[in-house]
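Bear in mind these aren't lab numbers, they're just calculated from the coordinates by the rules spelled out. Because the structure is a prediction, the values reported are computed rather than measured. Cβ placement follows ideal geometry from the backbone for every residue including glycine, while neighbour counts extend to all protein chains displayed.
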Amino acid sequence: MFEHLSEVIDQRYSERKYEHDFRLSDEQKVMIEAKMKELLSSAYEINIDLIENTDDNLFKGFILSYGKVNAPYMLVFSGKKQDIETAFKVGQLAELLVLELTLLGLQTCFVSGTYKGSEVLSRIQMADDYEIYVTVALGKAKAVWVNPQHKRKDVEDIAKFMPRKSAAWIYTALEAARLAPSALNRQPARFMVDMDQHVTAYPAKESVAQYLDLGIAAANFQVAAEEHGHVGDWVRREGQYYFLLEKSE
């Protein structure tokens, strides 16, 4: 399902400067919409909208010292209000879609509060009990980074290991998880590997925002695990997410 996505996990970076006149081709739009439909087939009560920034009025403000983001397109992820399971799933789907876009040679940036809410809401259809969880700036970078450097925590900072030595595929998947983007680069995703090599994931703090970031990191873990022959998905049980492997025939 995630063929070749692991190849771009360490290549993908947050782009903030885009070619102003770039427009997606009809073929690219069809591919993106097909991938959105595929991802949403396993997710209920979540919407993804692709909208064009035709009048340069979707984005606003600044992201810390990085400057203003003003991309030609925006992806809008919405779902049931203030729901941690929805937040996790949104993060998971958003990262999977972002990796697919990276494969297409496009650049992205997760955007939380620096968009014009009223303008975005006027461009999408959303139920009264839904809210926007995150948006993603999308376009073509003015200058593409080669071998981007990611300032991230070490695997040992985000994971606890019960056995002295975990399976190689688990460590590789955790390495992918630590490269995931997060709000203010705080990396709140945490993982536990037990004696039986079962992996659980949880946020550093119980909040909707951190469950969103957890979902993003969990997506990277899932992609890297599949690349090494361990196909599975995250299932919520007793307040934590467990990586449930598919049974081999």
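What percentages, rounded to whole numbers, describe P(r) for the chain computed over all alpha carbon pairs with 10 Å bin width beginning at zero?
Once binned at 10 Å, the Cα pair distances of the chain give 7, 32, 38, 19, 4, 0.
Can you grab the distance from the C-alpha centre of the range 1-76 to the C-alpha centre of the range 88-111, Å, no decimals?
Result: 7 Å between the Cα centres.
From the cross-link list LYS89/LYS160; LYS35/LYS153; LYS160/LYS205; LYS68/LYS116; LYS17/LYS60; LYS17/LYS140, which pairs have alpha carbons spaced over 19 Å apart?
LYS89/LYS160; LYS35/LYS153
With a sphere of radius 14 Å drawn around the Cβ of ASP26, what net charge do the other residues whose Cβ falls strictly inside it have (Lys, Arg +1; Asp, Glu -1)?
In short, -1.
Taking a ≥ b ≥ c as the square roots of the Cα gyration tensor eigenvalues, with a/c under 1.5 meaning rounded and otherwise prolate when a/b beats b/c, else oblate, which class fits the range 129-183?
oblate
Hey, what number do you get for the chain at 222 nm if only DSSP H runs of n ≥ 4 count, each worth -39500 (n - 2.57), divided across all residues, to the nearest 500?
-9500 deg cm²/dmol
When ranked by the protection proxy of mean other Cβ atoms within 10 Å per residue, highest first, what sequence do the peptides 132-142, 200-210, 47-57 form?
Answer by packing, highest mean first, reads 132-142, 200-210, 47-57.
For the range 84-216, rounded, prolate or oblate, judged on the Cα gyration tensor with a ≥ b ≥ c (square roots of eigenvalues), a/c < 1.5 rounded, else prolate if a/b > b/c?
oblate
Taking each pair of distinct Cα atoms in the range 155-245 once, what is the resulting Kirkwood hydrodynamic radius in Å?
Result for the range 155-245, one decimal place: 12.9 Å.
Grab the other residues whose beta carbon is less than 14 angstrom from that of ARG237, score K and R as +1, D and E as -1, and report the net.
In short, -3.
Antiparallel versus total DSSP beta bridges in the chain: what percent is that, nearest 5?
Taking every DSSP beta bridge with both residues in the chain, the antiparallel ones total about 90 percent.
Quick one: grab the alpha carbon gyration tensor of the range 5-139, order the square roots of its eigenvalues as a ≥ b ≥ c, and give me rounded if a/c is under 1.5, else prolate or oblate depending on whether a/b is larger than b/c.
rounded
For ALA127 and GLU156, what is the calculated FRET efficiency with R₀ set at 35 Å and r taken between the beta-carbons, to the nearest 0.05?
Between ALA127 and GLU156 the formula returns 0.25.
Output the peptides 2-9, 76-83, 27-34, 172-179 sorted from most to least packed, where packing is the average of other Cβ atoms within 10 Å over each peptide's residues.
For the peptides 2-9, 76-83, 27-34, 172-179, the packing ranking is 172-179, 76-83, 2-9, 27-34.
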